[in-house]
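Read through the structure below, which is laid out as structure tokens, and then see the notes.
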Amino acid sequence: MIPAGWGTSIGRPKTPYCPASLRDLSFLAHGMPSLSIATKESAKDGEAKLPELTSSDVANLQSFPSGAEGNQRAQLQKHKHLTPSFPLFLASLVFVGSLLASGLCIDAAPPLHIDLATEVEPPVSATLPLPAAPLEMATWAPEPIEGSLVIAGGGVLPPAIFEKFMELAGDSAARLVIIPTASIYAGTPEIEPKVDPWRHRNAASVHVLHTRSREEANTDEFSRILDQATGVWFMGGNQNWITSVYAETRTEERLSALLQRGGVIGGTSAGAAIMSQVMITGGKYYPQLGEGLGFLQGVVVDQHFLKRQRETRLKSALTLRPGHVGVGIDEGTALVVQGRRFDVVGESEVVVYLPENSRKPLKETRISHGRSTDFVTLCRAAIERAAEDDKQTLEVRQPSIARTQVPQGTLVIVGGGATPAAAIERFIEAAGGPEAPMVVVSNALGDEAPPASQVVNWLTKAGARNVSQLHTSSRAEAHDPEKAKLLESARGIWFTGGRQWRLVDRYLDTPMLSHFQNVLKRGGVIGGTSAGASIQGSYLVRGNPEGNREISAEGYERGFGFLPGVAIDQHFSERQRLADLVSLKTRYPELVAMGIDESTAVIVKGTQLEVIGKQTVTILDRTEFDRTGPHDPSGSERKLEPAVVRSGEAYDFVSQKRIAIADKSAQIDSPAVTINSSSINVTENKSSEAVDLEKDLALPATGDSPPALKRPAMRTSAGQ
């Protein structure tokens, strides 16, 4: 039976801890070590609460004789007929034993026979189901991390893991700090054999940092050594002892600062568990959850994973924390996190879980040594899965097809390559003329903002005289009212080409997106090319940060929705993308799937679009059964009938028909303007001279996933 008051808290400090001010309870057996027990009253607001000890509990425990004083008290109780009965003594002993098994702080001398070569995980009370932890859903994927993390699964670690850690810390210039607080031997001579190997790693300096006092950990002097450190390593043991001492202290602040300046934090076993915001504090099959130090957001880390068969425990943790990714790290293996990348080093595997929802089964990915994946994509996928159970799914319902319209304002959507001059003229006209304020959003080009002249000159050369550049460096800036002032009076917004996932990372579900939408509500215009075209649909195609060959990427399937109910692909005929568009339409028949060729643009107002430029636009609008009928016993097939809309034609989303435009002369054979990040070229419809920003853009080596990651093996299971 679970003691009253025992549960899982989501506040911080995260786990039970034992400050020096807690009362000592003595026991009958002579020589038995004392226990420091944190009562419910002594726990600070927001921390994990321990079983509540009532006044009668305390009185009963304190009534047990201990030493001469205890004998006198027992004699007094005998005279008052208050001597505790044997059943009460036995029940109290069982109660205290259950507290011990729950991982409480132990001030006793360590056991004598323990192999110091391996980490020892303290026992936890986990054979019975625990009360469900309150649901706490992640709402947004984390930013790529600063610095590096080396998260080892415990056991005997191969040299490659330590070599990687030392490389990230600076090799011979590394200034290391070892934190053994999780170990029962921390602060005793027995810890030295475990620290000595670090002193032989040819680092510039090695220091040990340890305390059992939160008060000391919060002083400025205690952790000052971290200001010069390049690498910190947490030893294994009991993760609760780490968080109970260092969480929300000056020491934790300095650890975070170390990452911000590019340092590395590593740890094994318990030192791995504390890395994530959501921490498994114990439990063999059913997890006890608290909060770790939060160096890695959006995930739940478990260690000794395959060796100790903790698959069920991690899956259960994900049901208690919707929107999180499960990361199980096996012994002898480490997960290396840099920027937005997960890399694996070691002898076994890292198992990654995307939790199941009502529409999708649990997804398991196994990453072995030398393999990589994008962890921000995983976090976004987990959040979208959790959201799908609470709100409208990503597919657009059938009635939404009739609502595919732009009721206010105008959209200019270009398929990449050379942008028709007529499209630029229409963009300036829809904004209100050359004097109207216009903004070019350049985030799709990369993390670093290109010079403004390279992204706005094509508009100024076309006659616009009030053009600004917007390039936010983080999602926090997309929440900054000062940054948004640039958009408050804008009449035209243009999204450059590049990679559409960068636009999602910066602006989706931020106040800045509302400012974009307000431009349309004011009767203005939004335009874009290539990535800036795809982002305008409600379903985002080719959003995978690891490459643009796949039309769908879980976690990056929501666009900005300026054109509701539509998925927009670009470079369509040139890259032979019809088969991809058909597969998307087959999976999401409610969508209007649109493919726009290079040097071609569509102008959308109301329920109609107009095609201008050199090539065509392909629209998969209707899904019909063949003549055998939907109820034919032999089965039926869906027949997709694409509408190919040429320059000089229009298309109506309501009637789903092409409409001829009387005056085609202005739409055919007009000069095309190539929008280049470095120059402006006017060509006579020679698309081969156009610069394809999406294809030629070089991805940064750090801060983003590389263009060609070694893919891990993926498995899909029903979940348990």
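Assorted remarks:
- Only helices (runs of 4 or more DSSP H) whose full extent lies in segment 202-308 are considered here, and the ones with at least 3 residues that are among the hydrophobic types (A, V, I, L, M, F, W, C) are 239-246, 250-260, 270-273.
- Residue match in segment 236-256 (condition: aromatic (Phe, Trp, Tyr) and either free of Cβ contacts under 8 Å to residues at least 60 places away in the same chain or touching a strand residue (DSSP E or B) at 6+ places or on another chain (Cβ under 7 Å) (or both)): no
- Residue that is surrounded by the most Cβ atoms within 10 Å (Cβ to Cβ), among those in segment 330-343 that are of a type outside the set (Lys, Arg) and in contact with an Asp or Glu (Cβ under 7 Å, 6 or more places away or on another chain): THR333
- Of the strands (runs of 3 or more DSSP E) lying entirely inside segment 325-389, those containing at least 2 residues that are within 20 Å of VAL264 (Cα to Cα), hydrophobic (A, V, I, L, M, F, W, C) and in contact with a His (Cβ under 8 Å, 6 or more places away or on another chain) span 341-346.
For every residue, the table says whether it meets (1) in a helix (DSSP H, G or I); (2) in contact with a helix residue (DSSP H, G or I) (Cβ under 9 Å, 6 or more places away or on another chain); (3) not hydroxyl-bearing (Ser, Thr, Tyr).
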| position | (1), (2), (3) |
| --- | --- |
| PRO142 | no, yes, yes |
| LEU149 | no, yes, yes |
| VAL156 | no, no, yes |
| ILE161 | yes, no, yes |
| LYS164 | yes, no, yes |
| LEU168 | yes, no, yes |
| THR181 | no, yes, no |
| ALA186 | no, yes, yes |
| GLU190 | yes, no, yes |
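- Failed item, numbered, when ALA387 is tested on (1) modelled with pLDDT under 95; (2) among the aliphatic types (A, V, I, L, M); (3) in the same structural domain as VAL455 (by TED's automatic domain parsing): (3)
- For segment 456-486, a tally of residues being farther than 17 Å from VAL525 by Cβ and among the hydrophobic types (A, V, I, L, M, F, W, C) returns 3.
- Residue that is surrounded by the most Cβ atoms within 10 Å (Cβ to Cβ), among those in segment 344-362 that are closer than 30 Å to GLU163 by Cβ and of a type in the set (Asp, Glu): GLU349
- Scanning segment 442-452 for residues being assigned to a helix (DSSP H, G or I) and surrounded by fewer than 21 Cβ atoms within 10 Å (Cβ to Cβ) gives a total of 1.
- Index of the failed condition, ARG321 passing every other in (1) under 17 Å from ILE274 (Cα atoms); (2) modelled with pLDDT of 95 or more: (2)
- Residues of segment 464-477 that turn out to be assigned to a loop (DSSP other than H, G, I, E, B) and at pLDDT 95 or above, as a count: 5
- Residue under evaluation SER316, criteria (1) surrounded by 20 or more Cβ atoms within 10 Å (Cβ to Cβ); (2) in contact with a strand residue (DSSP E or B) (Cβ under 9 Å, 6 or more places away or on another chain), criterion not met: (2)
- For segment 266-278, the condition of being in contact (Cβ under 8 Å) with a residue 12 or more places away in the chain, under 22 Å from GLU190 (Cα atoms) and of a type in the set (S, T, N, Q) holds for at least one residue.
- When ALA141, ALA160 are checked against the criterion of being in contact with a Cys (Cβ under 9 Å, 6 or more places away or on another chain), of a type in the set (Gly, Ala, Ser) and touching a residue at least 24 places away in the same chain (Cβ under 8 Å), ALA141 stands alone in meeting it.
- Yes/no for VAL455 being in the same structural domain as TRP501 (by TED's automatic domain parsing), part of a strand (DSSP E or B) and more than 21 Å from SER573 (Cβ to Cβ): no
- Screening ASN466 with (1) under 27 Å from SER372 (Cβ atoms); (2) polar (S, T, N, Q); (3) touching a strand residue (DSSP E or B) at 6+ places or on another chain (Cβ under 7 Å) gives one miss only, at (1).
- Applying the set (1) farther than 24 Å from ALA593 by Cα; (2) crowded, with 18+ Cβ neighbours inside 10 Å; (3) out of contact with any helix residue (DSSP H, G or I) (no Cβ under 6 Å at 6 or more places or on another chain); (4) at pLDDT 95 or above to ALA423 leaves exactly one unmet item: (1).
- Where a residue in segment 512-529 is without any contact (Cβ under 8 Å) to a residue 12 or more places away in the chain and its partner, wherever it lies, is among the aliphatic types (A, V, I, L, M), with Cβ under 9 Å and at least six apart: SER514/ALA484
- When the test is whether a residue is in a loop (DSSP other than H, G, I, E, B), under 24 Å from GLN570 (Cβ atoms) and at pLDDT 95 or above, ALA436 does not pass it.
- Candidates in segment 478-532 are the residues that are among the basic types (Lys, Arg), under 25 Å from the mean Cα position of the chain (by Cα) and assigned to a helix (DSSP H, G or I); of these, the one that is nearest to GLY433 (Cα to Cα) is LYS483.
Condition check ((1) crowded, with 23+ Cβ neighbours inside 10 Å; (2) of a type in the set (A, V, I, L, M, F, W, C)) across all residues:
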residue: GLY231; (1), (2): yes, no
residue: GLU253; (1), (2): no, no
residue: VAL264; (1), (2): yes, yes
residue: THR268; (1), (2): yes, no
residue: MET275; (1), (2): yes, yes
residue: TYR285; (1), (2): no, no
residue: GLN303; (1), (2): yes, no
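The values are calculated or read from the model by the stated rules, or taken from the named source; none is laboratory data. The structure displayed is predicted, hence computed values, not measured ones. Reconstructed Cβ throughout: ideal geometry from the backbone, glycine too, with neighbour counts over all protein chains shown.
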